[in-house]
Amino acid sequence: MDSPTDSALALQKEIEALLPGRLPRVEVHAALGSTQDRARELALSGAPEGSLIVALEQTAGRGRQGRSFYSPAGTGVYMSLVLRPRSLERPEEITITAAVATARAVESVTGERARIKWVNDVYLRGKKVSGILTEGGLLPNGSPWAALGVGVNLLPPEGGFPAELRETVGALAEESGARALRGPLIARIAEGYLTLYADANGDELLREYRERDVLRGRMLDIIQGERTRQAVVLGVSEDFGLRVRDAGGEEETLRSGEVHLRPARGETTWQQKLP
Ligand code: BTN
């Protein structure tokens with residue numbers, strides 16, 4: 001059997017062969033704390049946009065809102081892209097573009113329809129199979145940088161997902177042969193993201209995002225600090241917020257990062273309600 005380092009090298013060669021000359025730099029590591037930390041390091045030291053960092057395992061994978069992202073060896077895709085956005089005013093635009101690129105990539109390797117839960121989760125067969133994390137900041141000269149992180153569960157880890165994730169988290173496949181999907185999936189997500197982002201066709205992006213939207217029509221508990229209220233989801237707005245209407249008929253647009261959402265009491269989970 002290959003050592004993890006050999007596999008990292010083989011995966012790096014595979015990605016480079018799938019995307020010849022498309023990415024300025026491809027790094028595949030046997031293990032990292034978080035590919036986001038490496039992307040940040042590269043972004044701060046001048047690496048060009050589109051530099052790709054992949055790890056076969058993460059020991060400190062992180063998700064949104066301070067959560068960790070379970071990243072065991074060999075069963076998932078853990079990748080980050082260095083970006084040089086014009087501005088960081090709307091980081092959710094990066095996340096939403098990545099969600100569409102990831103959903104398309106998942107569909108292309110599984111042949112099944114993927115869904116998106118605002119703002120950053122990709123679902124397959126009713127379970128979360130991928131999460132997206134956008135982080136960024138300004139260089140000393142004021143130019144923005146971002147690290148776009150995507151994690152995809154290719155297979156369930158040995159012994160299954162931890163008990164607290166089992167109900168909600170799934171994988172693209174059950175058979176170990178699915179490991180062969182890792183290279184193509186990474187290449188499609190990276191290429192798909194960079195192409196969608198360069199085309200900047202907001203209408204097409206929104207249309208695709210809305211078509212896969214899991215939350216539209218659902219009743220939610222919206223948790224903002226100490227306050228929880230109920231509202232029905234109207235859909236994703238043109239500027240990538242979540243349009244909701246509360247019981248009093250008042251409408252508002254929620255921004256990602258500010259709110260935590262869960263199915264309202266009496267509603268089934270997103271998983272069970274998915275078509
Ligand atoms: C979430 O579901 O809240 C987002 C999860 C993002 C996970 C990816 S895996 C690659 C990159 N490195 C990390 O530490 N996180 C992102």
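The values are calculated or read from the model by the stated rules, or taken from the named source; none is laboratory data. Being a predicted model, the structure only gives us computed values, none of them experimental. Virtual Cβ from ideal backbone geometry, glycine too; neighbours counted across all protein chains shown. Ligands, DNA and RNA are excluded from the accessible area calculation, which covers all protein heavy atoms including side chains. Shrake-Rupley method; radii C 1.70, N 1.55, O 1.52, S 1.80 Å.
Structure values in brief
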| read-out | value |
| --- | --- |
| Surface accessible to a 1.4 Å probe, Val119 within the full protein complex, Å² | 10 |
| For the stretch 226-265, convex hull of alpha carbons as volume per residue, Å³ | 79 |
| Cα-based helix-to-principal-axis angle, 4-18 vs the chain, degrees rounded to 10 | 80 |
| Of every Cα-Cα pair in the stretch 12-161, the percent that sits beyond 23 Å | 35 |
| Normalised alpha carbon radius of gyration of the stretch 1-96 [divisor 2.2 N^0.38 Å] | 1.12 |
| Under-25-angstrom lysine pairs by C-alpha in the chain, whenever the two are 8 or more apart or on separate chains | 5 |
| Rounded to 10°, Cα long-axis angle of helix 91-110 versus longest principal axis of the chain | 70 |
| Separation of the Glu252 and Glu175 label points, Cα + 7 Å toward Cβ, nm | 5.0 |
| Nearest-20 debye value, the chain charge dipole, Cβ charges on Lys, Arg, Asp, Glu | 380 |
| Overall dimensions of the chain by Cα: Rg and Dmax, Å | 18.4, 62 |
| Asp239 accessible area, 1.4 Å probe, all protein chains in place, Å² to nearest 10 | 50 |
| For the stretch 237-250, Karplus couplings with θ = phi - 60° (6.51, -1.76, 1.60), whole Hz, Gly/Pro x | 7, 4, 9, 6, x, 10, 7, 9, 10, 8, 4, x, x, 7 |
| Residue-level accessible surface for Arg216, protein heavy atoms, 1.4 Å, Å² | 150 |
| FRET efficiency estimate (nearest 0.05) - Cβ-Cβ, Lys13 to Thr59, R0 25 angstrom | 0.55 |
| In order through the stretch 68-80: 3J(HN,Hα) via Karplus (6.51 cos²θ - 1.76 cosθ + 1.60), integer Hz, x for Gly, Pro | 8, 10, 5, 9, x, 5, x, 10, x, 9, 10, 9, 9 |
| Solvent exposure ordering (accessible area, 1.4 Å, most first) of Arg245, Arg40, Arg255 | Arg40, Arg245, Arg255 |
| Whole-angstrom gap from the stretch 48-94 to the stretch 133-201, using each part's C-alpha centre | 7 |
| Karplus-derived HN-Hα couplings along the stretch 155-167 (A = 6.51, B = -1.76, C = 1.60, θ = phi - 60°), whole Hz, x at Gly and Pro | 9, x, x, 4, x, x, 6, x, 3, 6, 9, 4, 5 |
| Quarter of Cα convex hull surface for the stretch 151-275, i.e. mean projection, nm² | 10.1 |
